[in-house]
Every structure is written in C-alpha cells, then in structure tokens.
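What follows is a set of notes on a single structure, which appears directly below.
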Amino acid sequence: MHRVQTGDWEIFHLADIEQLIPDDVLSMREFLRTPSLSCSLYHVPAGSKDMASAHEEDEVYLILKGRGRLRVEEDEQPVKPGTLMYVRASCDHAFFEVEESITALAFFGTATHRRERNSVS
C-alpha cells in the first residue's frame with residue numbers, strides 16, 4: 001500500500017487500500033490507528049449481512065460504493081454512495097439487504113472508558 005508519512009500527517013490512496021480487500025468476502029481493513037481515532041475500509045458483499053453489533057466507540061461510515069440498508073437499534077435507513085452516517089457508541093447496528101456490494105470508509109473514535117481513563121484532571 002502506498003502511504004506517505006511526513007511528521008504530523010499521513011496520506012493514503014483509496015485505490016491502494018481497496019486492492020487489499022477481496023470482492024467476495026465480508027472484510028474490514030484498518031489502515032490508520034492513533035490513540036484517538038482509527039480508520040478502516042469496510043466491504044460487505046452483495047447478498048450478505050454484516051456481523052456488526054454494538055461497539056464501545058462512536059462510528060462514522062461514508063458509503064463509497066454499493067446499495068443496501070443500515071439498521072441502528074430499531075430504525076432502518078437505505079444507504080448508497082455518498083451516504084454519511086454517524087452511529088453512537090453502544091448502539092446495535094448492521095448492514096443488511098445488500099443489493100450491490102457495499103464499500104465504506106469507517107472512522108472509529110476513542111472508546112469512552114479509554115478516554116476517561118487517559119484524561120488528565
């Protein structure tokens with residue numbers, strides 16, 4: 001994967017990251033982790049249901065490709081390229097009814113209990 005790292009910032013090329021994800025397998029590939037943030041490319045093949053559930057971190061998904069639905073707790077919404085979703089920590093959620101394989105950028109914040117434990121009073 002081509003990655004430029006200079007001091008306080010890094011540059012990633014989405015095309016390089018996408019090559020690391022198989023088209024026919026449910027997968028998530030983390031490409032950045034810091035103490036306060038992690039970023040992954042997430043792929044859900046057509047016809048499958050992802051196995052996501054509640055996490056300790058807040059999440060943001062940006063749908064790059066594909067179509068389907070996202071369920072968060074008891075609410076459901078359609079997703080397509082350009083859909084940007086925030087999912088609060090501890091909410092059960094999953095992609096389902098995946099009509100076209102979904103590829104999404106997934107951003108995870110720091111888990112609340114880790115943030116509190118590492119904060120300075």
For residue 55, list long-range residues whose amide hydrogen, built 1.01 Å from N in the peptide plane, is under 5 Å from its own amide hydrogen. 90, 91
Two-site label geometry, residue 46 and residue 94: point separation in nm, points 7 Å out along Cα→Cβ: 2.2 nm
With -39,500 (n - 2.57) per DSSP H segment of 4 or more residues and division by the full residue count of the chain, the 222 nm estimate, nearest 500 deg cm²/dmol, is -2000 deg cm²/dmol
Cα extents of the chain along the three principal axes, largest first, in whole Å? 47, 37, 22
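No value in this document is a laboratory result; all are computed from the given coordinates. Every value quoted in this text rests on a predicted model; they were computed, and no experiment measured them. Here the Cβ is made from the backbone with ideal geometry for all residues, glycine too, and neighbour counts use every protein chain on show.
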